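First up is the structure itself, then whatever we jot down about it.
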Amino acid sequence: MTRLLTALGVLLALHIASSSKLVCHMTNWSQYRPGAAKFTPDNIDPFLCTHVIYTLATINSFNQISPIEWNDEQQFVRLNNLKNTNPALKTLLSVGGTVNGVSPFIAMVARPEGRAAFIRSAISYLRTHNFDGLNLAWEYPGHNGSPVEDKKRFTLLVMELAKAFEDDAKDNRRTQLLLSANVASFLPTIQRAYEVKQISLHLDFINVMTYDFHGHWDLITGHNSPLYQSSVDSGSQIHHNINSSISYWLTLEAPAEKLLLGFPTYGRTFRLTSAASGLGAPANGPASEGPYTRTPGFWAHYEICDFLDSAVSKWIPEQRVPYATYGSSWLGFDDERSYSFKVEWMTGMNLGGAHVWTLDMDDFGGHFCSSGPYPLVNHLRLSMGFPPKPTTTPAPTTTRDPIADFCHGRPDGLYENPADKTTYFQCFQGNTYLHRCQPGLIYWDSCKCCNWP
């Protein structure tokens, strides 16, 4: 029987089958950051993550999905065009947020007809804009509605969405839409918000938001995303860490393979109020706003790199995370070392993979940290055991390499290599990538695939 395998699909299907999920969020408000911090889908490396979640859309008064930003639908096109370069990439649209401090989910889930209208809208909207799935960002059921009813209604919504996605795929003979959710990491919120066993049956993956455990709202310094409890934690704060949170989700019968560990690409700041500067030091409010994110108590990784040039950095051994101080500013952050410890723990717990909040807060352009583009997410990807991404063929220093120049002026896509039929070129944004067919196969430009000679 003829063996016909799409060339790029061969490369990436093997990668995904043997690796965990690496789900990366991008935010539609990051386009408004100044200078080199401005982020749009054009800044996304299509080979970096297995899934990209576009954040955020909302729900209108007719219980339909509605864009928030003036150019969301144009950005949808730019994001989903990345799948022309990497067909294995999956994209999801995140829906949620708040309107005047109230979740738009509350009114929608209250009545069966409201949920039905939302589900019809979701399928139509996702298909129209070429998304592969939906991400539910209801933070959190029962938080500003009715705890008991909202908890049950969230379960109903998840069940009904999953069933509708399944029916849509069968009836129309197309790939089933994915369904995921961002969920809480604090134990009391988990108890109040979710029927964990029931929703886990119907979600394809669950993004546990294992960050914001501590921040400038506390009266003492604490780390944003610690792996373990610290010796200064007391009361309920003994559970403000990754180990406690994920363990609780597992205790409530969430399948480990569906839980994704949250990796922040930002840190939380405090303003010290005494000479003490360690973990648990007295604090009152946030340090100064970052020049690009301009949010109190919150610095993106690219802002952190600048701070570290003059700060004193230290390690918290019991929590496997770093912090840094300069003057009265205290910062708890993540780096490659803390990511490695978290990946090791995640692997030991047999979790389904990682999710990143967010792509736009890593040093995505490589302009700030002198470590190349996406230093944190690239390190995470390699730590999780993903194979190397396609790389541009290096050009000699003396003369221009004709292979490196092959894609200059050509549209993105796949092209034959006349000099070697067992290889083929991929053009992306003017760069040339050289791929090799599996042994025994050659590249056929007629099908853009590797096949028998």
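The values are calculated or read from the model by the stated rules, or taken from the named source; none is laboratory data. All values derive from a computational prediction rather than experimental measurement. FYI the Cβ positions are ideal-geometry reconstructions off the backbone, even for glycines, and counts take in every protein chain you see. Keep in mind that these areas ignore ligands, DNA and RNA; they rest on the heavy atoms of the full protein, side chains included. Shrake-Rupley method; radii C 1.70, N 1.55, O 1.52, S 1.80 Å.
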What's the percent breakdown of Cα-Cα distances in the chain across 10 Å bins, shortest bin first?
4, 19, 28, 26, 15, 6, 1, 0
So for the pair L201, W70, with labels modelled 7 Å out along Cα→Cβ, what separation do we get in nm?
4.7 nm
In the structure shown, do any of K83/K163; K83/K421; K83/K152 have a Cα-Cα gap over 31 Å, and if so which?
K83/K152
P(r) over all Cα-Cα pairs of the stretch 45-162, 5 Å bins from 0 to the longest distance, whole percent per bin, short to long, reads 2, 11, 22, 23, 17, 12, 8, 4, 1, 0
Extension length gain for K163 and W29 (0.36 nm per residue less Cα distance), in nm, is 45.0 nm
Rounded to 0.05, the calculated FRET efficiency for the beta carbons of R294 and R78 at R₀ = 25 Å is 0.55
To the nearest 0.05, how large is the calculated FRET efficiency for K314 and C447 if R₀ is 35 Å and r is the Cβ-Cβ distance?
0.05
Based on Cβ point charges of +1 for Lys and Arg and -1 for Asp and Glu, what charge dipole magnitude is obtained for the stretch 86-152 about its Cα centre, in debye rounded to the nearest 20?
180 debye
L201: accessible area at probe 1.4 Å, nearest 10 Å²?
130 Å²
Burial-style ranking of 260-272, 322-334, 361-373, 227-239, average other-beta-carbon count within 10 Å with highest first, yields 260-272, 322-334, 361-373, 227-239
Lys, Arg +1 and Asp, Glu -1 on Cβ, resulting dipole of the chain about Cα centre, debye, nearest 20
720 debye
Accessible surface, the chain, averaged per residue in Å² (probe 1.4 Å):
43 Å²
Using 1/(1 + (r/R0)^6) with R0 = 22 angstrom and r between the beta carbons of S124 and N43, what's the FRET efficiency to the nearest 0.05?
0.15
Percent accessible area from carbon and sulfur atoms, the chain, protein chains only, probe 1.4 Å
54 percent
Taking 0.36 nm per intervening residue step and subtracting the Cα-Cα distance, what contour gain separates K170 from A275 on full extension?
31.3 nm
Please give the charge dipole size of the stretch 46-195, origin at the Cα centre, charges +1 on K and R Cβ atoms and -1 on D and E Cβ atoms. Round to the nearest 20 debye.
240 debye
Of all DSSP beta bridges with both partners in the chain, the antiparallel percent, nearest 5, is 50 percent
Can you compute the modelled spin-label distance between L187 and V99, with each label point 7 Å from Cα toward Cβ, in nm?
3.7 nm
Given labels modelled 7 Å from the Cα in the Cβ direction, how far is it in nm from D420 to A117?
6.0 nm
Please give the solvent-accessible surface of W29 in Å², to the nearest 10, using a probe radius of 1.4 Å with every protein chain present.
110 Å²
